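Data block below; observations after.
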Amino acid sequence: MKRVSILGSTGSIGTQTLEVIREQEDLGVAALAAGRNVELLEKQVREFMPELAVLWDQEAANDLRARIADLPVRVSSGMDGLIEAAELAGADIVLTAVVGMIGIRPTLAAIRAGKDIALANKETLVTAGHLIMPLVKECGVKLYPVDSEHSAIFQCLKDEAPERVSRILLTASGGPFRGWTREQMKDVTPAQALRHPNWSMGKKITIDSASMVNKGLEVMEASWLFDVPVDRIEVVVQPQSVIHSMVEFADGAVLAQLGTPDMKLPIQYALLGRERRHMPGKRLDFTTLSQLTLEVPDLDAFRGLALGYEAGRVGGSLPTVYNAANEWAVARFLEGKIGFLDIPRILEEQMRAHRVIASPSLEEILAVEQETYARIREKEKL
């Protein structure tokens, strides 16, 4: 049996991962880690009986420990707990679905411990790809992308060498404001931005989709995953979310992966190590699929995507600034403290204010994140 440590088990990806595990008799759970959702984590622990359960919040961990005192399950907390779950001897693969840069340390720990990685935490590669990818090669582990777009590219590439790839066509739904101008978006509310037309996701990534900052992050992630320069990765808007991404090869052939918008497919593909098995769910019906639309993104209206390309081209510590500024801005937007168009404004201001470190260490990456937050707080007074 292949046993999985799930970092972020109570979030959207984590809960869908557990749905996949329910369907596969040879998949089990080694560890479950979450933030503060004690009630849901307790239910998951009682169903899947992991060796270890982790909550980021210490008080929540104490609560969980009392709740499951009748079970032979250890409880830990904080970063130490995440790293323990990542390194757990009983785990074969670690699915990293925590939100934000807290995913970097446990991912590095898992790789050093010889664990395969199912990666759903894009910030890890965006900010520390230059540390992660060489370590993956050095330790001889497998890294499977879980984002639908990156999984699609992974499926299309198979074992083709990077030099045979002419370009990667990274698809985007366009989010709820596809076709809108900046003027139309100036009074957008969080409720409007959270109404994604195709996908059911967590709040942060849904806002990132609405602003298209998520595509900026995904361009950088794809560059590291597939060893392809940023300028050979093109974002294409595909509103139906049926084409999940495409790869054009040196001979002009284009391969695409199509399917219904269901995250369980890339999750299962990663956990099973590229093995294809039956998965329950809706299938594409080409007799009723009336059209597949492809559009060029508006980089003026969606300034966050243009800035993502810039951060990816420059590299070094600039992607960390891009990511940190976005995390701060999205949180404030969801609280109603800033406007939707303030998100790309803050990103650009922080990128311009930063002095780039060419090849930052982990400590420097984390320091740049905190410096970015401090600079924004000082300027915005929030």
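Just so you know, all these numbers are worked out from the coordinates, no wet-lab data involved. The shown structure was predicted, so the numbers you read here are calculated from the model rather than taken from an experiment. Heads up, the Cβs are rebuilt from the backbone with ideal geometry, glycines too, and the neighbour counts pull from every protein chain shown.
Note on ALA353 and ARG377: the model spin-label points, each 7 Å out from Cα along the C-beta direction, lie 1.3 nm apart. Relative intensity of the stretch 254-382 on a log10 scale, I(q)/I(0) at q = 0.09, 0.19, 0.20, 0.21 Å⁻¹, equals -0.44, -1.01, -1.04, -1.09, per a Debye sum over C-alpha point scatterers of equal strength in the absence of solvent.
Using the structure shown, list the pairs from LYS43/LYS204; LYS2/LYS203; LYS203/LYS264 with a Cα-Cα distance above 21 Å, or answer none.
Details: LYS43/LYS204 24 Å; LYS2/LYS203 31 Å; LYS203/LYS264 19 Å.
Violating the 21 Å Cα-Cα cut-off are LYS43/LYS204; LYS2/LYS203.
Across all Cα pairs in the stretch 106-248, the calculated P(r) in 5 Å bins from zero up to the longest distance comes to 2, 9, 18, 20, 18, 14, 10, 5, 2, 1, 0 percent per bin. Residues whose amide H comes within less than 5 Å of that of GLY28, counting only those at least five positions distant or on another chain, are LYS2, ARG3, VAL4 (H built at 1.01 Å from N in the peptide plane).
Residues whose amide H comes within less than 5 Å of that of SER9, counting only those at least five positions distant or on another chain, are ALA33, ALA34 (H built at 1.01 Å from N in the peptide plane). According to the calculation over all Cα-Cα pairs in the chain, the P(r) per 20 Å bin from zero is 28, 61, 11, 0 %. The distance from the alpha carbon centre of the stretch 40-73 to that of the stretch 283-353 is 36 Å, rounded to a whole number.
The distance from the alpha carbon centre of the stretch 200-236 to that of the stretch 1-22 is 23 Å, rounded to a whole number.
Computed from the C-beta positions of LEU294 and GLU160 and an R0 of 30 Å, the FRET efficiency is 0.85 to the nearest 0.05. Dipole size of the chain about its Cα centre, with +1 on Lys/Arg Cβ and -1 on Asp/Glu Cβ: approximately 360 debye, rounded to the nearest 20. Taking the charge dipole of the chain about its Cα centre, with +1 at Lys and Arg Cβ atoms and -1 at Asp and Glu Cβ atoms, the residue from ILE267, GLN155, PRO239 reaching farthest to the positive side is PRO239. The slack between GLU364 and LYS203, meaning 0.36 nm per residue of separation minus the straight C-alpha distance, is 55.1 nm. Of ASP300, ASP262, ASP285, the residue with the greatest mean-square motion in the GNM of the chain, using alpha carbon springs below 10 Å, is ASP285.
Over all other residues within a Cβ to Cβ distance under 13 Å of ARG277, the charged ones net out to 0, with Lys and Arg as +1 and Asp and Glu as -1.
Remark on ILE117: its backbone amide H falls under 5 Å from those of VAL94, LYS142, LEU143, TYR144, a criterion applied only to residues 5 or more positions apart or on other chains, H modelled at 1.01 Å from N. The dipole here belongs to the stretch 1-156: it is taken about the Cα centre, uses +1 on the Cβ of Lys and Arg and -1 on the Cβ of Asp and Glu, and is about 260 debye.
Viscosity 0.890 mPa s, temperature 25 °C: give me the Stokes-Einstein translational D for the stretch 150-314 in µm²/s, with Rh taken as the Kirkwood radius over C-alpha pairs.
On the way: Rh = 16.8 Å.
The estimated diffusion coefficient comes to 146 µm²/s.
For the Cα trace of the stretch 2-145, dividing Rg by the Kirkwood Rh returns an Rg/Rh value of 0.95.
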